[in-house]
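Student: Please see the structure below; I have some questions.
Every read-out reported here was derived from the displayed coordinates using simple, explicitly stated rules and does not represent laboratory data. Fair warning: this is a prediction, and the values are worked out from it, not measured in the lab. Every residue, glycine as well, gets a Cβ built from its backbone with ideal geometry; the counts of neighbours run over all protein chains shown.
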Amino acid sequence: MPDVRNLLAIGCLVALVGLGSVAAVAKEAQPAFDDPALEKRVLVIAEELRCLVCQNETIAASHADLAVDLRKQIRLKLKAGQSKQEILDFMVVRYGDFILYNPPLKANTLLLWLGPFVLLLAAGWVLVRNIRGRRRTPGGVDWSPEQSQRARALLDEGTKGR
Amino acid sequence: MKKALVPLLIFAVLMGFLAVGLGLKPREVPSPLINKPAPLFSLPTLDAPQQNLSAQDLRGKVWILNVWASWCVACRIEHPLLVEFAKTSTVPIYGLNYKDKREDAVRWLANYGNPYTRSLSDTEGLVGIDFGVYGVPETFVIDKQGVIRLKQIGPVTPEVLRDDILPLLRKLGA
């Protein structure tokens with residue numbers, strides 16, 4: 001009996017989530033544009049730009065007022081025949097490199113671009129050193145002959161008891 | 001003994017990074033417009049909508065541009081300070097009324113006081129985009145040559161006014 005109730009609850013939950021996602025899709029599809037091809041080009045550019053209000057969202061995905069305004073700017077500039085690079089430059093002049101999800105390699109972004117590789121190299125170096133160190137001491141631990149003997153005796157005792 | 005210190009050292013370095021990180025303000029993105037000429041604009045003013053005010057009209061004097069809106073809650077925090085500052089007549093404050101309705105803006109100023117010499121109506125927010133505005137309120141200090149010298153993101157606090165804005169204004173000869 002409780003199984004049926006559980007199933008029912010899960011069913012309701014699934015239905016609710018389904019409804020929710022339909023509503024979300026409906027909201028995103030809300031502004032109907034007369035030119036879907038242009039809109040696709042707007043989104044391609046907007047996906048490379050960070051929304052400064054939400055910071056972890058692209059301008060394509062964000063619902064912030066500023067993101068809506070900037071999408072409008074991209075649309076107007078594309079209509080005016082500007083290239084993608086011209087539009088990206090327009091954004092960088094106003095908001096800085098931070099607005100680009102793919103920032104250029106410059107003096108002040110050097111650490112951002114090379115940092116992970118430096119860390120990887122350092123980690124690799126530590127790993128190699130450790131492995132080499134271990135090879136030099138077989139078994140990984142240096143025991144005195146007495147200690148080895150005692151260990152052997154303990155092991156033998158264990159097998160005898162079985 | 002030396003080996004045991006390695007994790008401790010790594011931990012200390014990590015703590016150092018985290019401690020510095022606590023003091024950073026990731027929401028404040030440095031503006032590329034600092035020490036660059038302020039964007040050109042020509043906008044109608046709140047008090048005289050049929051009359052435009054342009055960037056050239058303000059050449060030759062040090063002035064403050066304060067981006068505000070009646071819908072902006074944080075603007076109310078800094079507003080009394082701006083009203084007080086305007087009374088000292090150090091430099092003129094021009095308002096950029098960002099994405100606002102004229103009636104709402106006029107009523108807001110009537111309610112909370114008007115520190116602005118003039119307020120520009122940027123109903124579409126286009127001049128705001130030119131100034132790289134992303135979080136109202138924002139405040140700019142612009143020098144006699146029309147160059148942006150300082151940008152404050154978020155409300156102007158008494159500390160920012162005392163430690164950053166006033167010394168800069170003195171330096172600029174205002």
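Student: By a straight-distance test (C-alpha under 20 Å), which lysines pair with residue B:61 as possible cross-link partners, with residues fewer than eight away in the same chain excluded?
Tutor: List returned: B:36, B:87, B:144, B:151, B:171.
Student: Taking GluC sites (Glu not before Pro) as candidate sites, keep only those in a DSSP loop with at most 16 other Cβ atoms within 10 Å, then name the longest stretch of chain B containing none of them. Before the final figure, lay out each step's value.
Tutor: On the way: sites that count: B:28, B:124.
Longest site-free region, per DSSP loop and neighbour criteria: B:29-123.
Student: Tabulate in residue order the Karplus-calculated ³J(HN,Hα) for the stretch A:102-119, using 6.51 cos²θ - 1.76 cosθ + 1.60 with θ = phi - 60°, rounded to whole Hz; enter x for Gly and Pro.
Tutor: After applying 6.51 cos²θ - 1.76 cosθ + 1.60, I find 10, x, x, 7, 9, 3, 8, 10, 4, 5, 4, 7, 9, x, x, 6, 4, 4 Hz.
Student: Can you list the HN-Hα couplings for the stretch B:43-58, worked out from phi with the Karplus curve (6.51, -1.76, 1.60; θ = phi - 60°), rounded to whole Hz and with x for Gly and Pro?
Tutor: 9, x, 9, 5, 7, 9, x, 8, 10, 8, 10, 10, 4, 5, 4, 9
Student: Report P(r) for the stretch B:93-167: all Cα-Cα distances, bin width 5 Å, range 0 to the bin holding the largest distance, values in whole percent.
Tutor: Percent of pairs per bin, in order: 3, 13, 22, 27, 21, 11, 3, 0.
Student: Order of A:76-84, B:129-137 by packing, highest average Cβ count within 10 Å first? Don't skip to the end; give the middle numbers.
Tutor: Numbers: A:76-84: 12.4, B:129-137: 22.1.
Answer by packing, highest mean first, reads B:129-137, A:76-84.
Student: In peptide A:91-101, how many Cβ atoms from other protein chains are near each Cβ within 10 Å, on average? Walk me through the numbers before you get to the answer.
Tutor: Values: counts 2, 1, 6, 11, 8, 7, 3, 5, 4, 0, 0.
Per residue, the number of nearby Cβ atoms from other chains is 4 on average.
Student: May I ask for the percentage of alpha-carbon pairs in the stretch B:34-171 that lie more than 23 Å from each other?
Tutor: On the way: 2410 of 9453 pairs.
So the pairs more than 23 Å apart make up 25 percent of the total in the stretch B:34-171.
Student: If you don't mind, there's one more thing I want to ask. Between the stretch A:56-98 and the stretch B:64-121, how far is it from one alpha carbon centroid to the other, in angstrom?
Tutor: 28
Student: Now for a separate question. Determine which lysines satisfy two conditions relative to residue A:84: a Cα distance under 18 Å, and not lying fewer than 8 residues away in the same chain.
Tutor: Straight-line reach from residue A:84, under 18 Å: A:40, A:72.
Student: If N is the number of residues in the stretch A:33-104, what value comes out of its Cα radius of gyration divided by 2.2 N^0.38 Å?
Tutor: Details: Rg = 11.2 Å, N = 72, 2.2 N^0.38 = 11.2 Å.
Normalised by 2.2 N^0.38 Å, the Cα Rg of the stretch A:33-104 equals 1.01.
Student: Follow-up. With the calculation restricted to Cα positions, what are the radius of gyration and Dmax of the protein assembly as shown in angstrom?
Tutor: 30.5, 105
Student: Using the Karplus curve 6.51 cos²θ - 1.76 cosθ + 1.60 with θ = phi - 60°, what ³J(HN,Hα) values do you get for each residue of the stretch B:9-17, in whole Hz, with x for Gly and Pro?
Tutor: 5, 4, 4, 5, 4, 4, 4, x, 4
Student: Given H placed on each backbone N at 1.01 Å, which residues far from residue B:95 in sequence or on other chains put an amide H within less than 5 Å of it?
Tutor: B:66, B:117, B:118, B:119, B:120
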